[in-house]
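J.: My structure is below; once you've seen it, I'll send some questions.
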Protein chains: 2
Amino acid sequence: MDIIKPRTLSGFMELLPEKQVYFENMMAKLRETYSLYGFFPLDTPQIEASEILLAKGGGETEKQIYRFTKGDTDLSLRFDLTVPLAKYVALNYGKLTFPFRRFQIGKVYRGERAQRGRFREFYQADIDIIGDGSLDIINEAEIPGIIYKTFKTLGLKRFVIRINNRKVLNGFFELVGAGEKAGDVMRTIDKLEKIGAEKVLNLLTEEIGLPEETAKAILDLITCQERGLSPLDALEAYRGKNETLDLGITELATVARYMAQFGVPQENYVIDLTIARGLDYYTGTVYETMLLDHPEIGSICSGGRYDNLAGYYTDKQLPGVGISIGLTRLFFVLEDQKYLNPALKPTPADVLILPMTEDLGPAISFATQLREAGIRTQLHCEKKKFKQKMSYADKLDIPFVVFLGEDEIRDGKVTVKDMVSGEQLTISPAMAAAGILEKVNLARAVPPISEPAAE
Amino acid sequence: MDIIKPRTLSGFMELLPEKQVYFENMMAKLRETYSLYGFFPLDTPQIEASEILLAKGGGETEKQIYRFTKGDTDLSLRFDLTVPLAKYVALNYGKLTFPFRRFQIGKVYRGERAQRGRFREFYQADIDIIGDGSLDIINEAEIPGIIYKTFKTLGLKRFVIRINNRKVLNGFFELVGAGEKAGDVMRTIDKLEKIGAEKVLNLLTEEIGLPEETAKAILDLITCQERGLSPLDALEAYRGKNETLDLGITELATVARYMAQFGVPQENYVIDLTIARGLDYYTGTVYETMLLDHPEIGSICSGGRYDNLAGYYTDKQLPGVGISIGLTRLFFVLEDQKYLNPALKPTPADVLILPMTEDLGPAISFATQLREAGIRTQLHCEKKKFKQKMSYADKLDIPFVVFLGEDEIRDGKVTVKDMVSGEQLTISPAMAAAGILEKVNLARAVPPISEPAAE
């Protein structure tokens, strides 16, 4: 038979088993955390009719889309989880209860130019809260609480959630006479971190055509922290001069106040007037999340408040707030930066049972007993040498090996070897199960990520 | 703005939130169960190079494949999880430890003719154990143990795992002179249940051209149970006459013996010489799983032993054994037959907190406390009437509602209403959390499926 050289497409993440254990652990933690906040799990098809997915049309995204026909149908692979959500909510409007809270963790597709750390197939982990007609500001404060809890549960500590409000920016731009160019201004100040204040000033005046005074006023406000001013204090000076701005200031202050009550520690968030988020879509609070030790990788969790989720599919006004974690890229970065926690042993089993007799009955029974107790158990009955079987346990990082020989079977005991300490005990099956379970439960509490000590 | 009518493609399952809760619960139970047996989780891309996926080439499957080009690349969506596994094992052979045990739950794609209960995008939930060069028979006996445990954990009781061995069939066909037509004979007897013994006999003689005597001998053996003979007893009469048959009989007897030790009760399995499984691929034990009350839907979990997983991609001999559950179709059938357990409340939250004061601080704090205790909690702070908020809890089946008014806040208490019993208590937050957690843990132990009482 001719052999075809096996390969995986470039831009598609395919992990070795040990790495996959970390990835699955992270996904499980995301599901658990999101669930604690009362979100429904949701799953939508990976393929949609192109007319649905491309309702918004045009732009950079369209070029990247995996689009094809099957029979007569023009199909596309989803490129995010937001458009399918909009379709879902519009389609099922009458059957949903609002506010509708859902999370979804799934693969999306973008045919980007292949490069290190960029993926064409990647997981997004999204949550959204959708109101019917209205949605209270408290939801915008709960979201950073969820972001904080999520990353803390994964094992991260040194991250900061940046918060801004689009009404603050839009209102201030109006106030200084740059209201009509708000979109352009927003996209320009988004570049501040990358290109610096001077270049942003140049762009605002020369490309966008703002008077230098206006451009300076904008830069002055958004970089107020550099002069030791808190953004909320700086903003108070402008209160009463523009309705949108006033509303934005109130929202921002409210979100900040509640956020502390939601348990986000001071060191994990900052009000930052420089973040704008490119998308026109957002209308209120916006979020970005940065790793303090790796600002260069950009935001690992972003989102914001929007006023109209599903305008392409329905007349209903559906405001909402949501965030998205690009999980595949995040995992790539964490692994690349050696953040995977070595204390989490990426093993498929807690126990390996080695039967030493012809009759496998007692070994099978003990395996069943351990599994009933919730202990992940493998039987190793292959025709291999003892040394090879121990090396199998070693390679897979299985923490306990159980020997069942004639003596053990006669005495109704099992011999348990702790592969870490080397300790070996011959005890009753029940005692062995209890002892193993205790250590296994400790091991399960280990988070998948650990930050290297600061240098 | 023009509105595009939202729709989901036909043949693609998209569940309402309550139904999705059941589906997620089933997937979680599969992951847990498979993990107990020491399988690595695995995830492979949904898209592969067509040359890889279609290495085997031709046949019915190829027509159904979602195949397209992106740039210069000829791509296909995977149509099962076995071919990607073969590629993965061949590609990573040097980095894997054998026997390699993996499970994978993921979507696959087949452009079948759309009809009720048939899906073009559907989940498969697979496990496989792959050996390097050899694999002990014990693995073939452990698999039914896993099938049993899986369906029992989901809540099913009235199912039967049918077991046969391809060596028994092949050996017997050789013995009666039908060895050269084994494939055709196998595909014909696979139809026995559908078309009956008489028609099978006709096909065997007229279409396949077996002498009537031979065809009768085959039918006699495989239907021996109808004459009150156990298949293993019936087979013993032929021992010593054909090497393959002898090996098959020994394997089948061994699997049956160990299977009982793996805890599969007598009423949940049967040795059934009529099941052949169409695929040429299988070489030893084969499995099918039937719902006793719904034989018409066919097998809900099938698989078997194969000698060569990845012959298209590598010279290495990689025998294995595996099974697959077609989860989407299974879910469709269970829902259709009203098997979803009404005792499992498909709610996104255990508690809904209704703050009754302007200051949301105490409500937020209590929400945080409940979430820390692992209780799924929603805050309802929308500007709605009390009655509407209670109706929200009702519609979403949230079992507990907590009221936090001025009195409660002053006294450091919370008022908890049990929405099922109607009972209402004003108690300390800690007591409330403990009481709720206890009931929530009971509710979590409820399986997603319950069989209606037999009629």
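J.: Condition (residue is in contact with a helix residue (DSSP H, G or I) (Cβ under 9 Å, 6 or more places away or on another chain), part of a loop (DSSP other than H, G, I, E, B), touching a residue at least 40 places away in the same chain (Cβ under 8 Å) and crowded, with 22+ Cβ neighbours inside 10 Å) applied to region A:157-166: is it met by at least one residue?
T.: no
J.: Looking for whichever is in contact with a helix residue (DSSP H, G or I) (Cβ under 6 Å, 6 or more places away or on another chain) and of a type outside the set (F, W, Y) here; the options are A:V416, A:V402. Which one fits?
T.: On inspection, the qualifying residue turns out to be A:V416.
J.: Please count how many residues of region B:17-41 are farther than 22 Å from A:G374 by Cβ and open to solvent by less than 50 Å² (accessible area, probe 1.4 Å).
T.: From region B:17-41, those farther than 22 Å from A:G374 by Cβ are B:17-23; that's our starting set.
Add one more test, that the residue is open to solvent by less than 50 Å² (accessible area, probe 1.4 Å), and what stays is B:17, B:20-23.
Final tally of qualifying residues: 5.
J.: Still on this structure, please answer the following. Count, please, the residues in region A:24-60 that happen to be in a loop (DSSP other than H, G, I, E, B) and farther than 30 Å from A:D74 by Cβ.
T.: Pass one, region A:24-60, residues in a loop (DSSP other than H, G, I, E, B): A:37-39, A:42-46, A:54-58.
This time we only want the ones that are farther than 30 Å from A:D74 by Cβ, so: A:37-39.
Count: 3.
J.: Given (1) in contact with a strand residue (DSSP E or B) (Cβ under 6 Å, 6 or more places away or on another chain); (2) within 18 Å of A:T73 (Cβ to Cβ), identify the lone condition not met by B:R7.
T.: Of everything listed in (1) in contact with a strand residue (DSSP E or B) (Cβ under 6 Å, 6 or more places away or on another chain); (2) within 18 Å of A:T73 (Cβ to Cβ), B:R7 misses just condition (1).
J.: Of all the residues that make up region B:239-270, how many are of a type in the set (F, W, Y) and modelled with pLDDT of 95 or more? Before you say what the answer is, go through the steps one by one.
T.: Of region B:239-270, the ones of a type in the set (F, W, Y) are B:258, B:262, B:269.
From the residues that got through so far, the ones that are modelled with pLDDT of 95 or more too are B:269.
Number of matching residues: 1.
J.: Going residue by residue through region A:64-78, is there one that turns out to be more than 9 Å from chain B (Cβ to nearest Cβ) and within 20 Å of the chain's Cα centre (by Cα)?
T.: If we filter region A:64-78 for residues that are more than 9 Å from chain B (Cβ to nearest Cβ), which is where we start, we get A:64-65, A:72, A:74, A:76, A:78.
If we keep only those that are within 20 Å of the chain's Cα centre (by Cα) too, we end up with A:78.
Checking region A:64-78: at least one residue is more than 9 Å from chain B (Cβ to nearest Cβ) and within 20 Å of the chain's Cα centre (by Cα).
J.: How many residues, within region B:184-207, are under 35 Å from the mean Cα position of the chain (by Cα), more than 17 Å from B:I163 (Cα to Cα) and surrounded by 14 or more Cβ atoms within 10 Å (Cβ to Cβ)?
T.: If we filter region B:184-207 for residues that are under 35 Å from the mean Cα position of the chain (by Cα), which is where we start, we get B:184-201, B:203-204.
Filter once more, so that each one left must be more than 17 Å from B:I163 (Cα to Cα): B:184-185, B:188, B:194-201, B:203-204.
The next check asks that each one be surrounded by 14 or more Cβ atoms within 10 Å (Cβ to Cβ); those that pass are B:184-185, B:188, B:197, B:200-201, B:203-204.
Within region B:184-207, residues that are under 35 Å from the mean Cα position of the chain (by Cα), more than 17 Å from B:I163 (Cα to Cα) and surrounded by 14 or more Cβ atoms within 10 Å (Cβ to Cβ) number 8.
J.: For region A:259-277, check the following and say yes or no: at least one residue is within 14 Å of chain B (Cβ to nearest Cβ), without any contact (Cβ under 8 Å) to a residue 60 or more places away in the chain and not polar (S, T, N, Q).
T.: Checking region A:259-277: at least one residue is within 14 Å of chain B (Cβ to nearest Cβ), without any contact (Cβ under 8 Å) to a residue 60 or more places away in the chain and not polar (S, T, N, Q).
J.: Could you list, in sequence order, all residues of region B:83-110 that are under 17 Å from B:T328 (Cα atoms) and open to solvent by 50 Å² or more (accessible area, probe 1.4 Å)?
T.: The answer is B:R110, and nothing else.
J.: As an exercise: evaluate B:T150 against (1) within 15 Å of the chain's Cα centre (by Cα); (2) not in a helix (DSSP H, G or I) and give the number of the one condition it does not meet.
T.: Status for B:T150: all satisfied but (2).
J.: Given the options A:P399, A:P362, name the one that is farther than 25 Å from B:F40 by Cβ, within 14 Å of chain B (Cβ to nearest Cβ) and either in contact with a Leu (Cβ under 8 Å, 6 or more places away or on another chain) or touching a residue at least 24 places away in the same chain (Cβ under 8 Å) (or both). Write out each step before concluding.
T.: Numbers: A:P399 fails: farther than 25 Å from B:F40 by Cβ.
Just a single option satisfies the conditions, and that option is A:P362.
J.: Hey, another quick one. For region B:347-455, which fully contained helices (runs of 4 or more DSSP H) count at least 2 residues that are of a type in the set (A, V, I, L, M) and surrounded by fewer than 22 Cβ atoms within 10 Å (Cβ to Cβ)? Walk me through how you get there before you give the answer.
T.: Numbers: elements: B:361-372, B:386-395, B:406-411, B:429-444.
Result: B:429-444.
J.: Turning to a different aspect of this structure: Restricted to region B:285-304, and to residues that are open to solvent by less than 10 Å² (accessible area, probe 1.4 Å) and closer than 30 Å to A:D2 by Cβ, which residue is farthest from the other protein chains (Cβ to nearest Cβ)?
T.: B:V286
J.: Restricting the search to region B:216-244, which residues are free of Cβ contacts under 8 Å to residues at least 24 places away in the same chain and of a type in the set (D, E)?
T.: B:D220, B:E226, B:D233, B:E236
J.: List pairs: first in region B:374-390 and within 8 Å of another protein chain (Cβ to nearest Cβ) and without any contact (Cβ under 8 Å) to a residue 24 or more places away in the chain, second buried (at least 17 other Cβ atoms within 10 Å of the Cβ) and assigned to a loop (DSSP other than H, G, I, E, B), Cβ under 8 Å, 6+ apart or cross-chain?
T.: B:E382/A:P99; B:E382/A:G131; B:E382/A:L135; B:E382/A:D136; B:K383/A:D136
J.: Hey, can you tell me all the residues within region A:155-182 that are closer than 10 Å to A:N242 by Cβ, over 31 Å from the mean Cα position of the chain (by Cα) and not charged (D, E, K, R)?
T.: A:G171, A:F172, A:F173, A:L175, A:V176, A:G179
J.: Moving on to the next point. Of B:D74, B:D132, B:D80, B:D136, which residue is assigned to a loop (DSSP other than H, G, I, E, B) and open to solvent by 50 Å² or more (accessible area, probe 1.4 Å)?
T.: Details: B:D74 fails: assigned to a loop (DSSP other than H, G, I, E, B); B:D80 fails: open to solvent by 50 Å² or more (accessible area, probe 1.4 Å); B:D136 fails: open to solvent by 50 Å² or more (accessible area, probe 1.4 Å).
Answer to the check: B:D132.
J.: Right, here's the next one. What's the number of the condition B:F40 fails, among (1) more than 7 Å from chain A (Cβ to nearest Cβ); (2) aromatic (F, W, Y); (3) within 23 Å of B:D307 (Cα to Cα)?
T.: Only one criterion in (1) more than 7 Å from chain A (Cβ to nearest Cβ); (2) aromatic (F, W, Y); (3) within 23 Å of B:D307 (Cα to Cα) is unmet by B:F40, namely (1).
J.: So which residues in region B:305-322 are surrounded by fewer than 22 Cβ atoms within 10 Å (Cβ to Cβ) and either within 12 Å of chain A (Cβ to nearest Cβ) or of a type in the set (V, I, T) (or both), if there are any at all? Even if it seems obvious, please write down each step before you answer.
T.: Of all residues in region B:305-322, those surrounded by fewer than 22 Cβ atoms within 10 Å (Cβ to Cβ) come to B:307-308, B:311-312, B:314-317, B:319.
Correct list: B:N308, B:G311, B:Y312, B:T314, B:D315, B:K316, B:P319.
The values are calculated or read from the model by the stated rules, or taken from the named source; none is laboratory data. Owing to the predicted nature of the structure, the values given are computational and were not obtained by experimental measurement. For neighbour counting, all protein chains shown are included, and Cβ atoms are generated from backbone atoms with ideal geometry for every residue, glycine included. These accessible areas exclude ligands, DNA and RNA; they are computed on the full protein's heavy atoms, side chains included. Shrake-Rupley method; radii C 1.70, N 1.55, O 1.52, S 1.80 Å.
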